[in-house]
Amino acid sequence: MPLPPLTKRQRQIVDFFQEYLRRHSISPTLEEIAQAMGVNKVTVFGHVAELERKGVLKKTAPGISRSLKLSPAVRAEQRSTHRPLKILGTIAAGGPIEAIEEPTELDLAGIVPRDRDVYALRVRGDSMIEDSICDGDIVLVESRNHARDGEIVVAILPDEQTTLKRIYREGDRYRLQPANSKMAPIYASEVVVRGVVLGVVRRYGPGGVGAPKDHG
């Protein structure tokens, strides 16, 4: 049975519900949904009640905060489709810049592994061109806080700026190495890893993208 038509906000709630369930293996509370949507609990209660009426969500036990469950139709949709990746913003492949901007979506159905938490960033700069990562490309990043020496990472520097480089540990410091012989590495005593590059979607001309290239 296909899903009934949903409003934009109802779709956002269902998507959040699916992602929360995938990450935590339990259903979110109304308070958690409200916080994620940036609205109050009363507003969320109305949307959830409408989703229950449409048969998208089902309450398994009255008065229990985590009793909402997804309907079989939603679970079937989840198995048969692949959610678009969020492009969280721009990552510097040059001098460090702030990474997170206004999220947009990139539909890469069937390309990104389902068992990994992956997001996308658009590249700005040419410090990684010798690794075939060019200005305007989109990198696919597995969200994790650890990396092996030599992996291409999304790195947060002590000043909270973000850059895309290969990471190496050298004694009590880190070397963030560009893939451009004209550029010098960045050295830092502390680096926070926010993800490791799995691949890159090539940019072909203004606004166009090509096939992804594996980096993992």
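All of the numbers you see were taken from the coordinates with simple rules; none came from a lab. Bear in mind the structure is a predicted one, so any value in this text is a computation, not a measurement. In this analysis, Cβ positions are derived from the backbone assuming ideal geometry, glycine residues included, and neighbour counts consider all displayed protein chains.
Determine, from the Cβ-Cβ distance of Ser181 and His24 and an R0 of 35 Å, the FRET efficiency 1/(1 + (r/R0)^6), rounded to the nearest 0.05.
Taking R0 as 35 Å, the efficiency between Ser181 and His24 is 0.15.
Note the full-extension length gain between Ser65 and Asp15 as 0.36 nm times their separation in residues minus their Cα-Cα distance, in nm to one decimal.
Extending this stretch completely gives an extra 16.1 nm.
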Open item on the list: Once you order the gyration tensor axes a ≥ b ≥ c over the Cα atoms, which shape class does segment 113-207 get: rounded for a/c under 1.5, otherwise prolate or oblate by comparing a/b with b/c?
Closed with: oblate
Task: Lysine pair count for segment 8-79 [Cα-Cα under 15 Å; pairs on different chains or 8 or more apart] - done: 4
